[in-house]
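Each reported figure results from applying straightforward, stated rules to the coordinates on display, with no laboratory input. Just so it is clear, the structure is predicted and the values come from calculations on it, not from any experiment. So basically every Cβ, Gly included, is an ideal-geometry build from the backbone, and we count neighbours across all protein chains shown.
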Amino acid sequence: MVDFLRELGIEAENFGASAGGFFETHGPILESRSPTDGHVIAKVKQATAEDYEHVMKVGMASFEKWRTTPAPRRGEVVRQIGHALRAKKEALGKLVSLEMGKIYVEGQGEVQEMIDMADFAVGQSRQLYGLIMQSERKFHRMSETWHPLGMVGVISAFNFPVAVWSWNTFLAAICGDPVIWKPSSFTPLCAVAVQKLVDQVLADNGFPAVMSLVIGPGSSVGQRMLDDRRIPMISATGSNQMGERVAVAAAKRYARTILELGGNNALIVMNDANQDMALRSVLFGAIGTAGQRCTSTRRLLLEKSIEKGFVERLVNAYKQIKIGDPLDPKNLMGPLVDKSAVSDMMTAIKAIKEQGGEILYGGKELTGPAYPGGCWVEPTIVRARPDMPIVKQETFAPVLYVIAFSGIEEAIRIQNDVPQGLSSCIYTESMSHAERFLSMVGSDCGIANVNVGTSGAEIGGAFGGEKETGGGREAGSDSWKQYMRRQTQTINWSGELPLAQGITFG
Ligand code: NAD
């Protein structure tokens with residue numbers, strides 16, 4: 001067992017549930033394998049239905065005390081969790097790289113994002129503001145106030161195994177809600193490590209089980225959460241297939257959802273752009289996290305007059321990308337998360353060829369002794385047409401489609417002509433191109449940037465996307481409101497009983 005795993009309290013075999021502390025679970029063993037070489041890092045005993053029930057019971061009990069705790073005091077607990085994360089940033093970031101496969105700097109960045117989110121939530125805990133409205137009736141006061149909602153269920157994807165949990169959990173916590181977390185089965189150890197830090201801080205502050213964990217398959221443990229009437233809100237991050245299941249199950253019982261689903265993000269380069277900057281953004285956007293970010297750049301839209309030169313430079317840059325062990329700082333790309341992700345990418349490459357796409361670079365699986373474990377691929381550049389069906393899908397791998405266009409209107413039309421609506425950007429030095437892109441006739445995505453790539457959002461803004469990306473918003477701005485229930489209150493101190501709209505009754 002490597003040092004950083006020991007530092008995080010990871011054992012050879014771990015229990016898969018915590019509510020006020022880890023307890024003995026009774027489900028089947030889940031082996032967490034490193035995508036780097038396929039070795040088993042450690043095992044987790046998953047949760048059964050009974051284990052889930054225990055977590056929910058203890059978690060629900062914590063709500064009574066937590067919701068009546070002043071919000072700034074709740075913020076203080078989150079502040080301490082932020083500190084605990086600071087102390088373990090190096091180790092936890094390394095575990096993210098080892099278990100998920102993103103490179104060292106990205107693993108560290110993911111933990112930094114949690115720390116930033118904790119700081120943000122601490123400040124927000126003193127700003128859960130309501131409103132006072134003007135009543136139409138004399139000597140009445142109308143106001144709007146925000147109350148804790150109840151247990152929040154967080155279902156997270158493998159590609160951000162810890163940060164997305166913190167976006168939801170830190171806000172839910174300062175809003176007075178307990179949280180139950182079901183992480184991806186590809187990254188259970190990241191969740192165990194975070195939960196251990198959190199359990200300690202919660203215990204020190206006398207609030208055990210405000211944040212709890214349950215590890216198990218989506219189809220059983222995850223589905224149980226979706227159907228559980230004690231959970232008024234599910235925040236789910238993952239594929240569109242999963243999002244549909246969440247939406248239907250939640251609608252049946254009138255639960256709220258935050259859905260953060262697939263993206264198909266375009267980067268537009270106009271012929272007046274700073275091409276050096278655009279090129280660097282494409283590289284990070286398309287190759288970062290081996291193309292497994294929801295915000296990964298999947299489509300590169302180039303104005304016809306610059307297409308040839310830009311593609312040549314891009315192919316040259318791809319040739320220099322070092323692929324290998326994500327914990328080795330010289331490498332810029334690690335493995336895909338699993339062999340199934342490799343076969344999904346190879347299926348997409350076949351479809352690309354059948355649909356008339358031209359592979360300009362890459363397109364193959366990487367094998368041989370330098371690439372053990374079966375999860376390695378070449379980053380790939382494809383010359384494509386925007387109407388190819390495969391271009392409209394999210395292939396969760398480093399495949400970049402290059403598409404030529406003439407003029408800003410065509411660029412925006414192509415950019416918007418996909419079912420997903422997460423992130424988008426334009427590189428231009430023209431104010432009118434930039435303004436058009438950001439206007440009501442511009443990008444239809446939840447995120448629209450000028451001279452900033454599609455990938456790598458700051459936590460201060462509300463994060464999320466439109467259309468099949470699900471419409472959810474997390475992290476900054478006023479995202480906190482989703483974790484609270486709004487109450488409109490009217491107080492009558494007039495001594496009379498006037499009705500609204502001037503109605504006289506009887
Ligand atoms: P996935 O859909 O396979 O799994 C996501 C989570 O859902 C896992 O925890 C899984 O166990 C759970 N799950 C599966 N079936 C379930 C069910 N029936 N009930 C409840 N839970 C269930 O996704 P993934 O492969 O882990 O992640 C990649 C996907 O996530 C990509 O499509 C990516 O774009 C998307 N993603 C979106 C965002 C965003 O903010 N929009 C962020 C990260 C990832």
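Assorted remarks:
- Packing-based ranking, highest mean first, of 406-415, 288-297 given that Cβ atoms within 10 Å are counted: 288-297, 406-415
- Packing here is the average count of other Cβ atoms within 10 Å per residue, and on that basis the peptides 494-502, 74-82, highest first, run 74-82, 494-502.
- Close amide H contacts of residue 15 (hydrogens built in the peptide plane, cut-off under 5 Å, sequence separation of 5 or more or a different chain): 45.
- Only helices enter this figure: runs of n ≥ 4 DSSP H residues, each worth -39500 (n - 2.57), summed and divided by the residues of the chain, yield -11500 deg cm²/dmol at 222 nm to the nearest 500.
- Length added when fully stretched, residue 254-residue 409, from 0.36 nm per residue minus Cα-Cα: 51.8 nm
- One decimal place: the segment residue 487-residue 466 gains 4.9 nm when fully extended, by the rule 0.36 nm per residue minus the C-alpha distance.
- Derived scalar couplings ³J(HN,Hα) [the range 353-358; Karplus, 6.51 cos²θ - 1.76 cosθ + 1.60; whole Hz; x for Gly, Pro]: 5, 4, 8, x, x, 10
- Percentage relative contact order, the chain, counting C-alpha pairs under 8 Å, at least six apart: 17
- Residues of type lysines that residue 392 reaches as a straight line, Cα spacing below 18 Å, ignoring anything fewer than 8 places off in the same chain: 350, 353, 467
- Computed about the Cα centre, the dipole magnitude for the range 265-450 is approximately 360 debye when only Lys and Arg (+1) and Asp and Glu (-1) carry charge, each at its Cβ.
- Treating r as the C-beta distance of residue 76 and residue 478 and R0 as 22 Å, the FRET efficiency rounds to 0.50.
- Each residue in 287, 234 was given a count of other beta-carbon atoms within 10 angstrom of its own, and listing them fewest first yields 287, 234.
- DSSP beta bridges in the chain [antiparallel fraction, %, rounded to 5]: 40
- Whole-Hz ³J(HN,Hα) from phi, Karplus 6.51 cos²θ - 1.76 cosθ + 1.60, for the range 203-208, glycine and proline x: 5, 4, 9, x, 10, x
- For residue 361, the residues whose amide H sits under 5 Å from its own are 381, ignoring neighbours fewer than 5 places away on the same chain, with H placed 1.01 Å from N.
- Gain in span if fully extended, residue 142 to residue 31, counting 0.36 nm per residue against the direct Cα distance: 34.4 nm
- Inter-probe distance in nm under a simple model that places probes 7 Å from Cα toward Cβ, at residue 241 and residue 364: 2.9
- Under 14 Å of direct C-alpha separation, and excluding same-chain neighbours fewer than eight residues apart, residue 65 reaches these aspartates and glutamates: 177.
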